[in-house]
1. Conditions first: (1) in contact with a helix residue (DSSP H, G or I) (Cβ under 7 Å, 6 or more places away or on another chain); (2) within 11 Å of another protein chain (Cβ to nearest Cβ). Residue B:129 passes all but one, so which condition is the exception?
2. Show me the strands (runs of 3 or more DSSP E) entirely contained within the range A:121-229 in which 1 or more residues are charged (D, E, K, R), within 14 Å of chain B (Cβ to nearest Cβ) and touching a residue at least 60 places away in the same chain (Cβ under 8 Å).
3. Which count do you get for residues in the range B:122-159 that are within 24 Å of residue B:19 (Cα to Cα), open to solvent by less than 10 Å² (accessible area, probe 1.4 Å) and assigned to a strand (DSSP E or B)?
4. Mind listing whichever residues of the range A:108-120 are more than 9 Å from chain B (Cβ to nearest Cβ) and open to solvent by 30 Å² or more (accessible area, probe 1.4 Å)?
5. Under 6 Å between Cβ atoms, which residue pairs at least 6 apart in sequence (or on different chains) link something in the range B:147-171 that is closer than 20 Å to residue B:71 by Cβ with a partner that is acidic (Asp, Glu)?
6. Within the range B:19-71, how many residues turn out to be over 13 Å from residue B:212 (Cβ atoms), of a type in the set (Val, Ile, Thr) and open to solvent by less than 20 Å² (accessible area, probe 1.4 Å)?
7. Looking only at the range B:83-104, count how many residues are within 14 Å of chain A (Cβ to nearest Cβ) and closer than 13 Å to residue B:132 by Cα.
Amino acid sequence: PPTPNLPRSAARPGHSSGEMMMMGHGHEAKENPRTQTTQPIVTGASVLAITYADGVMMISDTLASYGSMARYKSVQRIGKVNDGAIVGASGEFSDFQYIKDLLEDLTDEDFDTADGRELSPKEIHSYLSRVMYNRRTKVNPLYNQLVVGGFDTSKGESYLGCVDMYGSTFKDDIVATGYGMYLALPLLRKGHDKKMNEEAARKLLEKCMTVLFYRDCRTINKYNIAKVTGSGVEISKPYSLKTEWGFKRFVDPHSSE
Amino acid sequence: MFRNDYDTDVTTFSPAGRIHQVEYAIAAVKQGSACAALKSDDYAVLACVMRKESDLGSHQEKLFKVDEHMGIGISGLIADGRVLCKYLRTECLNHKFVFETPMQVGRLVRKLSDKSQVFTQTSEKRPYGVGLLVIGCDKTGPHVYETLPSGDYYEYIAQAMGKRSQSSRTNLEKYYKEFKDMELGDLVKHALQSLRGASEEKLTKTNCAVAFVGKDRPFTILTGDNLGPYMELAVGGDDNNMDESKKEEEAT
């Protein structure tokens, strides 16, 4: 009988950062690599998002790794769904592209119907969680952790939630994926305030991404930051943050000072 | 409508550019007992006459709840109506499960109409012989839609269908400008009054039914004793003398 697939750690070569776990009894998956995925190949690292005074802000870096190689360095891992919502993803990049296509089909339908109703962030979140759970049930998951952020103009409320590859969903004011869950979440929780202004929200997210850049091997210092407010969606062009490498002990570990 | 050479198949056009089978299906709707619907800025109301096959039997149920925010009244082949009702309920439930939000009424009506249209273009099947008056309340407010076997659908402020529904429509045309800001009780009253001319017998609380839905009220069907107070208001003999506002208070 085939050996059961045990969870693999992030340290194993050929696997990206974060806790991308193997499905429990996926031996059929092993025998059908063409129809059932078992491991992510081209992956994105963390996505962070918080709610603030005007809406929701989300940040990610622009790297898609090929195992340990920094393969595609100008990739946008946050996508606009409609004027009220954005979706960010970590994990398998091709699966994110597929998910973006699914969402585009939905927004096209809204456009065709033209009845004055656009998909609300809550509906997008619910839809994605059904899709992810459905795929996990077929042991052919979409290898992503998704972050859905939006502003519901009919209610005047921010919306922020996440869905993972198992279909687990959460709604919260602070969301992080991948290594961000371990390194950034505590910092975000400490510094977050629902009523913080745009400047403060941005600074907080950037501080966390800097920490992730220092500590997560599968990141680069190039980011997209996005916000959704009552006036719509804005996703920035890629930009870099200041990092500090001049620490004495870092430059010369054997220095006596 | 008289028989002619081009009415055997639903897939045959007549030289005048008509599909007679579809028109005959619409005629089946006109044979059913009457339904009327109207809306204000906050509520949509549905009323129907329920025919009895015989004195030994019960009145034919014609109003159905589709979801918390939506319901239908049917005219025509009741069996077809039940099947369509099941379809609408399933679609609503499906949508609610996937999107965690009630379905937009207009989109569901369009789905149903697209389904109906298929049967006007197949050789093996016949069109549905039932028309629906769909009332619902969604993010864009209350709505009244009419669907027909042809696959056409229209949105209305007020509409009536079925036998002798022309008198209902005439009555609704008289008052429709006032519906916009009307209270729920008055809307129900108007719906029932419009059906007066469409029924063979005098309207009582047992041979008709009313349903309403609004931004703050889920789809509710009123029959029998629940309907009694509204019936008095609408068609009661000496309602000119009664304290109308008090009656409405009791009723709601």
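The values are calculated or read from the model by the stated rules, or taken from the named source; none is laboratory data. This one's a predicted model, so the numbers in the text were calculated from it and none came from an experiment. Backbone-built Cβ (ideal geometry, glycine too); neighbour counts: all protein chains shown. Note: areas computed on protein heavy atoms with side chains; ligands, DNA, RNA excluded. Shrake-Rupley method; radii C 1.70, N 1.55, O 1.52, S 1.80 Å.
1. (2)
2. Details: elements: A:144-152, A:157-163, A:169-171, A:174-176, A:223-229.
Where strands (runs of 3 or more DSSP E) fall fully within the range A:121-229 and carry at least 1 residues being charged (D, E, K, R), within 14 Å of chain B (Cβ to nearest Cβ) and touching a residue at least 60 places away in the same chain (Cβ under 8 Å), they are A:144-152.
3. 5
4. Within the range A:108-120, A:108, A:111, A:112, A:114, A:118 qualify.
5. B:154/B:146; B:159/B:146
6. Residues in the range B:19-71 being over 13 Å from residue B:212 (Cβ atoms), of a type in the set (Val, Ile, Thr) and open to solvent by less than 20 Å² (accessible area, probe 1.4 Å): 4 in total.
7. Qualifying residue count, the range B:83-104: 0.
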